Structures are given as structure tokens and as C-alpha cells.
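We did not get these values from a lab; they are worked out from the coordinates using the rules stated. Predicted model only: the values in this text are computed from it and were never measured. Positions of Cβ are backbone-derived with ideal geometry, glycine not excepted, and every protein chain shown enters the neighbour counts.
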Amino acid sequence: MSQWIEISTLAALADSAYERFEFEDIDVLVFREGSRVYAIEDLCTHDGAELCGGLYMDGEIECPRHGARFCIKTGQALSAPAYEQVSTLPIRVNDQGTVEIKLDTD
Ligand code: FES
């Protein structure tokens, strides 16, 4: 089963930046681009490094360990040495400006 969980407000997230959220079973990076938000798992598919701390620019994040780049919207691997996409998570901003993420709760 999965459920929507409140994690922040849009106003509390810096624009054109990202923030790390830790949950019981998964660590997540949440990116804000204007009024839109995106979420990916904080886990590089090349060798399991945290992506947190990596350079974020033009909708891409660069793994700080070996430099693979990923699209923050689709999770797609954009450069070697990663070839598999990183997991994305459903995320939304509700009418009150609250940011919610959908997590598995089993
Ligand atoms: S662990 Fe991320 S590029 Fe190698």
C-alpha cells in the first residue's frame, strides 16, 4: 500500500534547489523548479552513492562520486558510468501549497 505524506510547503523549499528527506525505507531528493516539484531516490544506479551533494543544473543532477548525470524529472541516466535510471517518486503540491510525496507504507 502507498499513501501521500506531507513533507514540506512549496514556500519552504528554495527555488532551483533541492533538499534531502529521509524516510524509514528510502532517502529522497526533492527538487523545486518554480511551482513544480520532482522527487528521485537518493541512490546512484552506478555504484550506490548518495546523489545528495551533487551539482544540480538545468534539470540534471550529477553524482558526486563518478559524475554520472540523471534527469530529475524522469530519472533517466544521461551519462556514463550510470546506465539505469534512478527511481522517481510521485510528488505534488496541493491547493494550500503543501508538498506531498507518495510512499510505500507496507
Ligand atoms: S556511484 Fe554514481 S557515478 Fe558512480
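Tabulated data for the structure shown
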quantity: Packing-based exposure ordering (other Cβ within 10 Å, fewest first) of Cys52, Cys71; calculated: Cys52, Cys71
quantity: Order of Asp104, Asp58 - criterion: other Cβ atoms within 10 Å of each residue's Cβ, fewest first; calculated: Asp58, Asp104
quantity: Cα pair distances exceeding 21 angstrom across the range 1-94, given as percent; calculated: 26 percent
quantity: Interchain or long-range residues, amide H under 5 Å from Ser87's placed H; calculated: Glu41
quantity: Cα-centred dipole magnitude for the chain, charges only on beta-carbon of K, R (+1) and D, E (-1), debye, nearest 20; calculated: 380 debye
quantity: Normalised alpha carbon radius of gyration of the range 1-50 [divisor 2.2 N^0.38 Å]; calculated: 1.22
